[in-house]
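This report concerns only the one structure given below.
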Amino acid sequence: MMNNDFYSDKEQEGEFPKAYDAYQTARAQGKLENLDFNEEEFEYVIDRLVEEGDTEGVMELSGMAFEKLPYSVGLLTRYCDTLILSGNPDKALEILSLYEDSYQGSAMVQFLLARAHVALKKFRHARDYFYRALECGEGETDIVESVCALAQDCIDSGNYRESLFYLDRAGRLGRLPYEYYNDYAFCYDRIDEPEKAMEYYQLYLDQNPFNDTVWFNVGTVHARLKDYEKAIEAFEYSIALNNNNSSSLYNLAVVFMNLQRYREAAVAFEQFVEIDTDVLGLLGLGESYIRLGRNSDAVDQFAKVIASDDKVAEGHAGLNTVKAIECYSKGDIIGFKSAFMDIYRTGTAWIGVVYDLLPQLENDKQFIDFLLELKQNDNI
């Protein structure tokens, strides 16, 4: 039975909410050490802070509660869980190890030991504690949730195959909520099994077709498979659900660029830069403008990049790309060589833009000799 299924006279009578009010008053006055809570009151306030997303408050109060009542397995697990989530698995493991013998029969303590080892990327040790937790927790209804938490920890640690192992085990122990299909898909995508990822994304969307983030993920997988029309459809659906989804806007623009549909790319990039300050949007918009022959508009975008951070090489390379194209078109070979040399030395992909827009360079002997000279100087 989950904690929120228990009946409590105190909660019914309002004593726990009073404890929360007392906590807030003491916190505002800087007098938390004066709180005289029992175990249930501490647990209630900590759980409420978790629901509110008050990480600082959870860490502060759970640590204090554990110091005052170190015999409480509920407070021990809450404190160590907070340590793991806040990036302190070493400290959590240190504390849990002290009490490991005392709570050998506690599935929650064994799961936390497993989670701490996952956070430390000690996956083999984590499995040992996982199997112990299963032995301790046989028949507990919340065991699936604990195994799924381990799976999420593995995702956070970048071990996607290990996450799939725990997701599979959770599925054997009980029926997984459909939300975990997204985790399955994410992991399969990360281990380069896009077709399998699409199977799970579809299972998710069969249950909830209105999640813009999942549609973004679907579009990204389609784009990776070079199924661009399906990618466009998925990104556009994501944007229809949430027109502030900048990730979908950006990837949609990139797909249009790959298809040489530069007008549509420019529109998507324009929408992106309205809601996101990432310079990648300005650089993409600048390139789309160059390819549309809107050089002055492109210069404006690159100038914005440089204004935000003068050290962004791509911004300067973009400006030099415009300069190189215009100088060559005007017959200003000295200006062209100067701009091209600057692009070449940055090692950026803007040289490809120059080649695309000036295909005659391929048969320009003077340019070929100049390029050979640049490459020879690199080898000196």
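The values are calculated or read from the model by the stated rules, or taken from the named source; none is laboratory data. Being a predicted model, the structure only gives us computed values, none of them experimental. Here Cβ is always computed from backbone atoms with ideal geometry, including for glycine, and neighbour counts include all displayed protein chains. SASA here: full protein model, heavy atoms, side chains in, ligands and nucleic acids out. Shrake-Rupley method; radii C 1.70, N 1.55, O 1.52, S 1.80 Å.
Rounded to whole Å and ordered largest first, report the semi-axes of the equivalent ellipsoid of the chain derived from its Cα gyration tensor (root of 5λ). Walk me through the numbers on the way to the answer.
Numbers: eigenvalues 610, 115, 93 Å².
Values for the chain, descending: 55, 24, 22 Å.
Please check: in the Gaussian network model of the chain (C-alpha springs, under 10 Å), which one of TYR44, TYR228, TYR289 has the largest mean-square fluctuation.
Ranking TYR44, TYR228, TYR289 by mean-square fluctuation puts TYR44 first.
Could you pull out every one of the lysines with an alpha carbon less than 29 Å from that of LYS311, ignoring same-chain neighbours closer than 8 positions?
LYS323, LYS337, LYS375
Per residue of region 104-120, what does 6.51 cos²θ - 1.76 cosθ + 1.60 with θ = phi - 60° give for ³J(HN,Hα)? Whole Hz please, x for Gly and Pro, Karplus curve as stated.
Per residue, the Karplus-derived 3J(HN,Hα) values read 4, x, 8, 4, 5, 5, 5, 5, 5, 4, 5, 5, 4, 5, 4, 4, 8 Hz.
What do you get for Rg/Rh over region 279-338 if you use C-alpha atoms and the Kirkwood form of Rh? Mind dumping the intermediate values first?
Working: Rg = 11.3 Å, Rh = 11.4 Å.
Over the Cα atoms of region 279-338, Rg/Rh equals 0.99.
Enter the per residue convex hull volume of region 68-223, computed from alpha-carbon coordinates, in Å³ rounded to the nearest integer.
Cα-based convex hull of region 68-223, divided per residue, equals 120 Å³.
Protein chains only, probe 1.4 Å: how do ARG172, ARG291 rank by accessible area, largest first? Show your work: numbers first, answer last.
Details: ARG172 175, ARG291 50 Å².
Output order, biggest surface exposure first: ARG172, ARG291.
Specify which residue in the list ASN208, ALA22, LEU285 is farthest towards the positive end of the charge dipole of the chain, using unit charges on the beta carbon of Lys, Arg (+1) and Asp, Glu (-1), about the Cα centre.
So the residue we want is LEU285.
What residues have an amide H closer than 5 Å to that of ASP332, excluding those fewer than 5 places away on the same chain, when H is modeled at 1.01 Å from N in the peptide plane?
Answer set, sorted by chain and number: none.
Calculate one ³J(HN,Hα) per residue across region 347-359 by plugging θ = phi - 60° into the Karplus curve 6.51 cos²θ - 1.76 cosθ + 1.60, and present them in order as whole Hz with x for glycine and proline.
Result, ordered by residue: x, 8, 7, 5, 4, x, 5, 4, 4, 5, 8, 10, x Hz.
Principal axis extents for region 105-173, Cα atoms only, whole Å, descending order, please.
30, 21, 14
Hey, what did region 133-251 get for relative contact order, percent, Cα under 8 Å, at least 6 apart?
16
Nothing charged except the Cβ atoms of Lys and Arg (+1) and of Asp and Glu (-1): what's the magnitude of the dipole of region 13-115 about its Cα centre? Round to the nearest 20 debye. Before the final figure, lay out each step's value.
Numbers: 8 positive and 21 negative charges, 45 e Å.
The calculation lands at about 220 debye.
Could you give the size of the charge dipole of the chain about its Cα centre, using +1 on the Cβ of each K and R and -1 on the Cβ of each D and E, expressed in debye and rounded to the nearest 20?
Values: 35 positive and 67 negative charges, 339 e Å.
I would put it at about 1620 debye.
Helix-only estimate, please: 222 nm mean residue ellipticity of the chain, summing -39500 (n - 2.57) across DSSP H runs of length 4 or more and dividing by its residues, to the nearest 500. All intermediate terms of the calculation are to be shown ahead of the outcome.
Values: 22 runs with 288 residues, N = 380.
Theoretical 222 nm ellipticity from helices: -24000 deg cm²/dmol.
Which ³J(HN,Hα) values in Hz, rounded to whole numbers, follow from the phi angles of region 272-281 under the Karplus curve 6.51 cos²θ - 1.76 cosθ + 1.60, where θ = phi - 60° and Gly and Pro get x?
4, 5, 6, 10, 9, 8, 4, 5, 4, x
If amide hydrogens are placed 1.01 Å from N in the peptide plane, which non-local residues have theirs closer than 5 Å to the one on GLU100?
When sequence neighbours closer than 5 places are left aside, there are no close amide H contacts.
Compute the relative contact order of the chain as a whole-number percentage, counting only Cα pairs closer than 8 Å that sit 6 or more residues apart in sequence. Intermediate values should be presented prior to the final figure.
On the way: 414 pairs, mean separation 21.1, N = 380.
The value is 6 percent.
State the Cα centre-to-centre distance between region 69-85 and region 319-375 in whole Å.
Here the answer is 63 Å between Cα centres.
Let me spell out the model: positive unit charges on the Cβ of Lys and Arg, negative unit charges on the Cβ of Asp and Glu, origin at the Cα centre of region 180-324. What dipole size does that give, in debye rounded to 20? Can you show the working numbers first?
On the way: 12 positive and 23 negative charges, 106 e Å.
So the magnitude is around 520 debye.
Where is the GNM fluctuation largest for the chain (alpha-carbon springs, 10 angstrom cutoff): GLN301, GLN29, GLN152?
GLN29
So what is the relative contact order of region 168-312, in percent, for Cα pairs below 8 Å that sit 6 or more residues apart?
Details: 163 pairs, mean separation 17.8, N = 145.
Relative contact order, region 168-312: 12 percent.
Order the peptides 60-69, 104-113, 90-99 from the highest to the lowest mean number of other Cβ atoms within 10 Å of their residues. Can you show the working numbers first?
Numbers: 60-69: 18.7, 104-113: 21.4, 90-99: 16.9.
The packing order, highest mean first, is 104-113, 60-69, 90-99.
Output the pairs from LYS122/LYS196; LYS230/LYS330; LYS304/LYS330 with a Cα-Cα distance over 31 Å in this structure; if there are none, say none. Walk me through the numbers before you get to the answer.
On the way: LYS122/LYS196 27 Å; LYS230/LYS330 42 Å; LYS304/LYS330 26 Å.
Distance filter (> 31 Å) returns LYS230/LYS330.
Quick one: plug the Kirkwood hydrodynamic radius of region 323-380 (C-alpha pairs) into Stokes-Einstein at 20 °C, 1.002 mPa s, and report D in µm²/s.
Working: Rh = 11.6 Å.
Translational diffusion coefficient: 185 µm²/s.
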